[in-house]
Amino acid sequence: QAVNVLIMDYPLPACGEDQHWLTTEQALLAARNAIGARAAIVSSLPENFPLVARERLLTQGIPPMQGLHECLIALRAAARIGQAQQRPRQPALPVLPVLAGGAFDGPRRMLDEWQSKQALAGFGLCVPDGQLCSTYNAVTVAESLGYPVVLKAVSSQLAHKTEVGGVALNLHSAAEVQAAVVRLAPLSDTLLLERMVDDAVAELLVGILRDAQFGLVLVLGSGGVQAELLADVRQLLLPCHSDEIRQALLSLRLAPLLTGYRGRPAADLDAAVAAVQAISGYALAHQDALLELDVNPLLLRPAGLGAVAADALVRLGADL
């Protein structure tokens, strides 16, 4: 339901005369009662609303809002509460046990990309067709997968491969694969070849953080190499329902890309939600050991074609 907000700055009590403001209050109250609308009064600055006026309005059921900025924040929060209350009631979620201790400061173990993807695939996450290879058989593996392919250096020490040139995209021939092998070989003896996903309409970041106070936190946002720059994220506490995941995705600034932007095909939102649920399922199953999980990017293909995890990283506490 809409709310009618009157912007009005009151005089200081020391000024004495406030009859004109009282008249305006009464007019607003009469209008509210006549049409049954919600009404509030807001001052442009918090200090422009004296206590005596605020207390008087509260007795009449009119919220006194101090400051335009603060008022808008409160109204937005109220609107979100209303939207949440209108959603169908979901089945109760399981209560998670309290995670061990506070901030973890023991030894850590990071899975490499291949290990991370295989672990997540076991919980239903779709990953590209791929195979580990060496510098010697990369071309043979590429031929068996079919072009175009992606070649990556694989190591648990390479958390951010793009920053060190550890990824070669869109390779269309044996010659291009061999050239990429020469370039990536100094980074790692182990390489990963995957079929290139070249029809993505949007890229998501899906992460799991271990918070000392709240437990496992799901992070959803705009993905790709510019994820940190865009800072377009939403956070949900685990466990959460699929409807919450969907609403969080549609609240991102990249949401127009998910629903079809300027003639582009809409993304497979159902597959995106299912992928996030698969990632969350892995996190919940390993909550005692999981420190951090990052899938970036999750490539969203056109509706009906699925969502594919192009990169993944899992960090575990070695003695949890």
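Before moving on, here are some points about what is shown:
- Ordering of 21-33, 203-215 by packing [mean C-beta count within 10 Å, highest first]: 203-215, 21-33
- Per residue, the average separation of C-alpha pairs within less than 8 Å and at least 6 apart gives the range 202-317 a relative contact order of 29 percent.
- Angle between the chain longest axis and helix 269-285 axis [Cα atoms, degrees, rounded to 10]: 80
- Surface/4 of the Cα convex hull for the range 158-286, nm²: 10.2
- Percent breakdown of C-alpha pair distances by 10 Å bin, ordered from the shortest bin, for the chain: 5, 20, 23, 18, 13, 10, 6, 3, 1
- Most mobile listed residue (ALA40, ALA307, ALA266) in the chain, GNM with C-alpha springs under 10 Å: ALA40
- Using C-alpha pairs below 8 Å separated by at least 6 residues, the relative contact order for the range 3-86 is 31 percent.
- Label positions at GLN235 and GLU143, each projected 7 Å from the Cα along the C-beta direction, are separated by 5.1 nm.
- Pair GLN226, ASP9: separation of 7 Å Cα→Cβ label points (nm): 4.0
- Amide hydrogen neighbours beyond the local backbone of ALA312, cut-off 5 Å, H modeled: ASN296
- Förster-model FRET efficiency, 41 Å R0, THR23 and ARG76, C-beta, rounded to 0.05: 0.85
- Projecting the Cα positions of LEU293, ALA119, VAL201 onto the charge dipole of the chain (unit charges on Cβ atoms of Lys, Arg, Asp and Glu, taken about the Cα centre) puts VAL201 furthest along the positive direction.
- Rounded to the nearest Hz, the phi-derived 3J(HN,Hα) couplings of the range 231-236 under the Karplus curve 6.51 cos²θ - 1.76 cosθ + 1.60 (θ = phi - 60°) are 6, 9, 9, 10, 10, 9, where x marks glycine and proline.
- Protection proxy ranking for 188-198, 158-168, using the average of other Cβ atoms within 10 Å per residue and placing the highest first: 188-198, 158-168.
- Interchain or long-range residues, amide H under 5 Å from SER155's placed H: GLU113
- Using only side-chain charges placed at the Cβ, +1 for Lys and Arg and -1 for Asp and Glu, the dipole size of the chain relative to its Cα centre rounds to 660 debye.
- Here the range 3-86 has an Rg and Dmax of 13.5, 46 Å, counting Cα atoms alone.
- Dipole size of the range 3-86 about its Cα centre, with +1 on Lys/Arg Cβ and -1 on Asp/Glu Cβ: approximately 460 debye, rounded to the nearest 20.
- In this structure the amide hydrogen of MET65, modeled in the peptide plane, comes within under 5 Å of the amide hydrogens of ILE41, VAL42, SER43, none closer than 5 places in sequence on its chain.
No value in this document is a laboratory result; all are computed from the given coordinates. What you are looking at is a predicted structure, and each value in this text was computed from that prediction instead of being measured. In this analysis, Cβ positions are derived from the backbone assuming ideal geometry, glycine residues included, and neighbour counts consider all displayed protein chains.
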